[in-house]
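Enquirer: Shown below is the structure under consideration.
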Ligand SMILES: [Zn+2]
């Protein structure tokens, strides 16, 4: 199970664990990790969450595309930054 590195990560599971909020990544399309029932949510809820996530991703992609273009214009680092962002 993968854990978040940033405690404020929006993908973090919203379930409770012994030492506070769960630090696992939530299942894709869910607010919860596998341990906290992320697989058992109703399909409609999953779809809604999925669409929200897609909207957030698009926004982030736009931001990174801008950043990438700016770095390309400066002639350094743009491509590598992009690859690292996708590498997790
Ligand atoms: Zn959890």
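The values are calculated or read from the model by the stated rules, or taken from the named source; none is laboratory data. This one's a predicted model, so the numbers in the text were calculated from it and none came from an experiment. Note that each Cβ is placed from the backbone with ideal geometry, even for glycine, and that neighbours are counted across all protein chains shown.
Enquirer: Can you tell me how many residues within segment 16-25 are near the ligand (Cβ under 8 Å from one of its atoms), part of a loop (DSSP other than H, G, I, E, B) and surrounded by fewer than 17 Cβ atoms within 10 Å (Cβ to Cβ)?
Expert: 0
Enquirer: Could you list, in sequence order, the residues of segment 26-39 that are closer than 21 Å to residue 60 by Cβ and either surrounded by fewer than 18 Cβ atoms within 10 Å (Cβ to Cβ) or out of contact with any strand residue (DSSP E or B) (no Cβ under 7 Å at 6 or more places or on another chain) (or both)?
Expert: Taking segment 26-39 as the starting set, the residues that turn out to be closer than 21 Å to residue 60 by Cβ are 26-31.
Listed by number, the residues that qualify are 27, 28, 29, 30, 31.
Enquirer: Among the residues of segment 26-41, write down those that are over 18 Å from residue 53 (Cβ atoms) and more than 9 Å from the ligand (Cβ to nearest atom).
Expert: 40
Enquirer: From the set of residues in segment 1-15 that are modelled with pLDDT of 85 or more and over 20 Å from residue 60 (Cα atoms), which is surrounded by the most Cβ atoms within 10 Å (Cβ to Cβ)?
Expert: First pass over segment 1-15, keeping only residues modelled with pLDDT of 85 or more: 2-15.
Subsequent filtering for residues that are over 20 Å from residue 60 (Cα atoms) retains 2-3, 13-15.
Details: 2: 10, 3: 12, 13: 26, 14: 13, 15: 17.
Across segment 1-15, the extreme among qualifying residues is 13.
Enquirer: List pairs: first residue in segment 2-29 and assigned by TED's automatic domain parsing to the domain that holds residue 60, second residue assigned to a strand (DSSP E or B) and more than 8 Å from the ligand (Cβ to nearest atom) anywhere in the structure, Cβ distance under 9 angstrom, at least six positions apart or on different chains.
Expert: none
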